[in-house]
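**Q** What follows is a single structure, and I will ask about it in a moment.
Bear in mind these aren't lab numbers, they're just calculated from the coordinates by the rules spelled out. Predicted, not measured: the structure shown is a model, and the values here were computed from it. Cβ: placed from backbone, ideal geometry, glycine included. Neighbour counts: every protein chain shown.
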Amino acid sequence: EWTMQKFLDEAIAQIRHTVGEKGQVLAAVSGGVDSTVAAKLMKEAIGSRFWAVLVNNGVMRLNECEQVQKDLSEALGINLTVVDASQQFLDGLKGIEDPEKKRKFIGGKFIDIFEEEAIKIEKAAASDPTKAGKIEFFMQGTLYPDVIESLSFKGPSATIKTHHNVGGLPARMANGQGLKLIEPLRSLYKDEVRALGRALGIPEELVMRHPFPGPGIAVRILGEVTPEKVEIARQADHIFISEIRKAGIYDRISQAYAAVDPSRAVGVMGDKRVYGYIVVLRAVTTTDFMTAEAYNFPWEFLQRVMNRIVNEVHGVCRVVYDITSKPPGTIELE
Ligand code: XMP
């Protein structure tokens, strides 16, 4: 009979067997469910011979980098290095309007930064007398549906958007640097990953986190990404998600966020005419993320969020709720 505890014991034994007594493992983490569960599993199996790297790409959510650092490093004891490359990303995003170009830039830059860090970590790992082993492995939090998707890749429909995430990047790492791939979650579905996370003692709030795209809020700002718009998206998103949590409906929604439409609209605030950005709220329910429906919020809820955003977020004078289903809309705006 298959149980999560058995799976966990076997997964740990398997990792130890693969990695050996001295082997060391590198991974990119995001704070998302998959990479967090995979990282905790590696930590349980091989302790600090597992090295996790979080790259701050400048388009993470409000206080997210600090929060992930607390969760993974302090609470879960994972050996984590945080690289703050936010300025490099924001500089490079200047002037890019096309969604695919944004994705390509962020994905490419991510690999460059990650590789630079990997070299530093390899040196540290090799010179640490308590470890004195080489980094030979690269860990990815690939799930079963990702495996299936890549096997059944049939052409253009699968490339509607270039998906970049920490699980998708390291073909080059794995080949280029001769690192062998470890994918401890590759036989699991999402709900099983969550169950495994609970078995590993990961807090419920982390286990139930909504997915967040690799290119972050860059794909939630239509057109050019600027520090000002990033700040607006962050503040608005924080208000929206806090209200969702307060209403006790976070777990009923599959994914929710606030985006910025940089076309501007006229409004009045106090007795002054203002000209501000439009914030787009999106919240969907879905089982497989291939199709989705907009979440049916109570009207009062949406009014409360609207009021808070126009009053608290400087530079915004309109709030709209996106009710488009997928298809034809995608979950992200870009
Ligand atoms: P769409 O917008 O295609 O999104 O309906 C489906 C799911 O995929 C996520 N998504 C991404 N995840 N890198 C990621 O890691 C990406 O480039 C990316 N684009 C979309 C999206 O958040 C949703 O969960």
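**Q** To check you understand DSSP bridge types, tell me what percent of the beta bridges within region 267-334 (both residues inside) are antiparallel, rounded to 5.
**A** Looking only at bridges with both residues in region 267-334, the antiparallel portion is about 55 percent.
**Q** Which FRET efficiency, nearest 0.05, do ALA126 and GLN67 yield, Cβ-Cβ r, R0 35 Å?
**A** 0.65
**Q** Residue separation times 0.36 nm, minus the C-alpha to C-alpha distance between GLU183 and LYS94: what's the value?
**A** Residue separation times 0.36 nm, minus the Cα-Cα distance, leaves 28.5 nm.
**Q** For the chain, with a Gaussian network of springs between Cα atoms less than 10 Å apart, report the residue from ALA126, ALA52, ALA233 with the top mean-square fluctuation.
**A** Comparing ALA126, ALA52, ALA233 in the GNM, the peak value goes to ALA126.
**Q** Looking at the chain as a GNM with Cα springs under 10 Å, which of MET60, MET290, MET42 has the largest mean-square fluctuation?
**A** The residue that fluctuates most here is MET290.
**Q** Between ILE148 and LYS246, what length in nm is gained on full extension when 0.36 nm per residue of separation is reduced by their alpha carbon distance?
**A** This chain segment gains 31.6 nm when fully extended.
**Q** Take every Cα-Cα distance within region 189-334, group them into 5 Å bins from 0 onward, and report for each bin the whole-number percent of pairs it holds.
**A** 2, 9, 18, 21, 19, 15, 9, 5, 2, 1, 0, 0
**Q** Further question: Determine the calculated [θ] at 222 nm for the chain from helices alone, applying -39500 (n - 2.57) to every DSSP H run no shorter than 4 residues and normalising by the residue count; nearest 500 deg cm²/dmol.
**A** Roughly -12500 deg cm²/dmol at 222 nm, from the helical runs in the chain.
**Q** Between ASP288 and TRP2, what is the spin-label point distance in nm, taking each point 7 Å from the Cα along the Cα→C-beta axis?
**A** 1.8 nm
**Q** Only bridges with both residues in the chain count here: give the DSSP antiparallel percent, nearest 5.
**A** 40 percent
**Q** Follow-up question, since we're still on this one. With labels modelled as points extended 7 Å from the Cα through the Cβ direction, what inter-label distance (nm, one decimal) is found for TYR275 paired with LYS134?
**A** The two pseudo-label positions are separated by 6.2 nm.
**Q** ASN296 versus GLN87, label points 7 Å from Cα toward the beta carbon: distance in nm?
**A** The two pseudo-label positions are separated by 5.1 nm.
**Q** What lysines sit close enough to LYS123 to cross-link, taking a C-alpha to C-alpha distance under 24 Å and skipping anything fewer than 8 places away on the same chain?
**A** LYS22, LYS40, LYS43, LYS109, LYS131, LYS134, LYS180
**Q** For region 1-108, calculate the relative contact order in percent as a whole number, restricting contacts to Cα pairs under 8 Å that are 6 or more residues apart.
**A** Relative contact order here is 23 percent.
**Q** Which FRET efficiency value, to the nearest 0.05, do you get for GLU332 and GLU74 by plugging their Cβ-Cβ distance into 1/(1 + (r/R0)^6) with R0 = 35 Å?
**A** After rounding, the FRET efficiency stands at 0.70.
**Q** Net charge within 15 Å of GLN303 by Cβ-Cβ distance, Lys/Arg positive one each and Asp/Glu negative one each, not counting GLN303 itself?
**A** +1
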